[in-house]
Each structure stands twice: as C-alpha cells, then as structure tokens.
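Here the structure comes first, spelled out in structure tokens, and everything after it is commentary.
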Amino acid sequence: MAPETKTDLSALAVEFRDVSLTYVARDRCTVALENVHLAVRPSEFVAIVGPSGCGKTTFLKLTSGLLRPSGGEVWVEGRPVRGPLKIVGMAFQNPTLLPWRTTLENVLLPLEIVQPHRQQYRRGRAAYRAKALELLRSVGLDGFADRHPWQLSGGMQQRASLCRALIHEPDILLLDEPFGALDAFTREELWLVLQRLAADRGCTVILVTHDLREAIFLADTVYVMSRRPGKLVAQWEVGFPRPRELADCFTEGFLELFQGIRSQIGEVREAL
C-alpha cells in the first residue's frame, strides 16, 4: 500500500516534496532516495523501518539539513531547509559522549554551540545547569552528573545522549537506531523513558529502527522503505492508546500489526 500524503499541509512539522538524493563519489553515482513524499504532523511520533542500506539514515540527515537533496525539497515547520537546523535534536546508536567531559558537561554541550543559548551560556550557566540536572533526574541518572562516560553502562550513556539531544528544547527529535546496541531488557526500559519524554515535551519524533516491536510500541505511524533507492512504500497507523505498557506487545492487535509489517518487509527483501 503506497503511503498517502496527509492533506493538511498548512501546519506540518516535516514535509518531503518529491525528494531524491544521489551520492557522487569519484566517477560513481549512488541513488540513495528517490521521489520520497512524506508529511509529519507536529508532535507526531514517526518510525521508519526497512532493509539495511535503504536510505533511512540519509532521510534523517536531509530532515536536519545536514544534507541537501539532489531533487525536490524538504520543508520543516513551513520553511524550506537550506542548511543545518537549530530546532532539531539528534541521538544515534552510539552515544558519542566526549570521554573527557562529565555526564553533565556532555548534556550541556549543545548549549555551548547552538544559538541563542551559546550567546547566553555564561550569563545563564546556573539556570542551564539546573535544567540539565532536572533532565538527568527525569531519565534516572540522578547522582551520575559528575561521572565520565566510561563510568556509565551502555544504557546510562544512551540516557545521557537523549538528555543532550533534548537540552536545547528542540521542536524535532531525530533518532537513528538509538537503542540498537543495547540488550533487550535495557532497550525496553528506554522505550518507556523515550515515550514519557516525548509526551512531556510534545516534540515531533522521527525514529529510524530495525526493531519492529520498537517501532510499533513507540510510534503513531510506521513507514516502510523499499530497498535502495529508498522509497516509502507503505504507511501503517498505530492506533493503540497512550501511555503504552510493555505488556501491550503481547496483545492480539499488536501481534497482528507486527506480522503485517513484517510480511511487507519480507516482500521488500525478496525483491532484492
């Protein structure tokens, strides 16, 4: 089922308008994305799944302005994207915390870089510090602010990474396999943390993941991408009420949706 473009285009958080991207390296061209159309509502939680190498990470880079499309346009909050956006926060599979900085210092890092916070940082340092400590408390890292990354578990590092992505109060949170390197129990625990953070802050979230259970548990809408060149080939609405509990993953409705998306991804793989 091809994804339907949402009709209300007057108040979208993210919109891809016939977007394509081709990487050029030496004499070789690789088409990563082709003719992608997408519309994401404010405060919507979107998950994107698909085969490895289909362009999911490229999708996030285009949304953030780190890449420019070869064709079409990316619009964020009613404006075309022309460069890196300050209103975006990003977290990755590897937390990429700076080892010489404490947890608190790592969380505060975006405020030293992103305007207008950078300009106000010295004057407002005490308030920013209090804000960062509150964020750390909200994800269960109270008491770990002075620890260095190597003193934290993988799950703790990823919690700190989420705090760093949210400290400047972004309108849009982009997540690239943020829990992929964690064990199953830690991953599920962080699903609950992320669900609560997204609800409390009301930000728009775009999650790239290979974990279908994760996609369905967290998202309002799940999109399936084709093999490269990546296209959005299906859109699945997740109608389960929030907040969701881990036990919901074993309900009949959840399992039916899981099997439906899984079968479709299988069809995409068979087309390789």
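The values are calculated or read from the model by the stated rules, or taken from the named source; none is laboratory data. Because the structure is a prediction, the values reported are computed rather than measured. So basically every Cβ, Gly included, is an ideal-geometry build from the backbone, and we count neighbours across all protein chains shown.
I'd like the full set of residues that are assigned to a loop (DSSP other than H, G, I, E, B) and in contact (Cβ under 8 Å) with a residue 24 or more places away in the chain, limited to the stretch 112-152.
114, 115, 139, 140, 141, 144, 145, 146, 147, 148, 152
Could you say whether any residue in the stretch 165-183 is assigned to a helix (DSSP H, G or I), more than 13 Å from the chain's Cα centre (by Cα), touching a residue at least 24 places away in the same chain (Cβ under 8 Å) and surrounded by 18 or more Cβ atoms within 10 Å (Cβ to Cβ)?
no
Give the residues of the stretch 114-148 that are surrounded by 13 or more Cβ atoms within 10 Å (Cβ to Cβ), at pLDDT 90 or above, over 16 Å from residue 186 (Cβ atoms) and not hydrophobic (A, V, I, L, M, F, W, C), sorted by residue number.
Within the stretch 114-148, 129, 131, 137, 138, 147, 148 meet the criteria.
Which residue, of 205, 193, 233, is at negative phi, in contact (Cβ under 8 Å) with a residue 24 or more places away in the chain and out of contact with any strand residue (DSSP E or B) (no Cβ under 8 Å at 6 or more places or on another chain)?
Residue meeting the stated conditions: 193.
Take the residues of the stretch 17-41 that are within 21 Å of residue 218 (Cβ to Cβ) and touching a strand residue (DSSP E or B) at 6+ places or on another chain (Cβ under 6 Å): which is surrounded by the fewest Cβ atoms within 10 Å (Cβ to Cβ)?
If we take residues in the stretch 17-41 being within 21 Å of residue 218 (Cβ to Cβ) and touching a strand residue (DSSP E or B) at 6+ places or on another chain (Cβ under 6 Å), then 39 is surrounded by the fewest Cβ atoms within 10 Å (Cβ to Cβ).
Evaluate the following for residue 255: is it part of a helix (DSSP H, G or I) and closer than 19 Å to residue 166 by Cβ?
no
Restricted to the stretch 184-195, and to residues that are in contact with a helix residue (DSSP H, G or I) (Cβ under 8 Å, 6 or more places away or on another chain) and either of a type outside the set (Val, Ile, Thr) or at pLDDT 95 or above (or both), which residue is nearest to residue 86 (Cα to Cα)?
Ranking the candidates gives 194 first.
Residue under question is residue 236, and the condition is that it be assigned to a helix (DSSP H, G or I) and aromatic (Phe, Trp, Tyr); does it hold?
no
If I go through the stretch 92-111 residue by residue, how many of them are β-branched (Val, Ile, Thr) and in a loop (DSSP other than H, G, I, E, B)?
Qualifying residue count, the stretch 92-111: 2.
Quick check: is even one residue across the stretch 206-213 crowded, with 17+ Cβ neighbours inside 10 Å, under 26 Å from residue 148 (Cα atoms) and modelled with pLDDT of 95 or more?
The answer is no, given that none of the residues of the stretch 206-213 is crowded, with 17+ Cβ neighbours inside 10 Å, under 26 Å from residue 148 (Cα atoms) and modelled with pLDDT of 95 or more.
What pairs come out if I take residues in the stretch 81-92 that are free of Cβ contacts under 8 Å to residues at least 40 places away in the same chain and pair them with residues that are among the small types (Gly, Ala, Ser) whose C-beta lies under 6 Å away, six or more apart or interchain?
Listed by first residue and then by second, the contacts come to 81/65; 83/65; 84/65.
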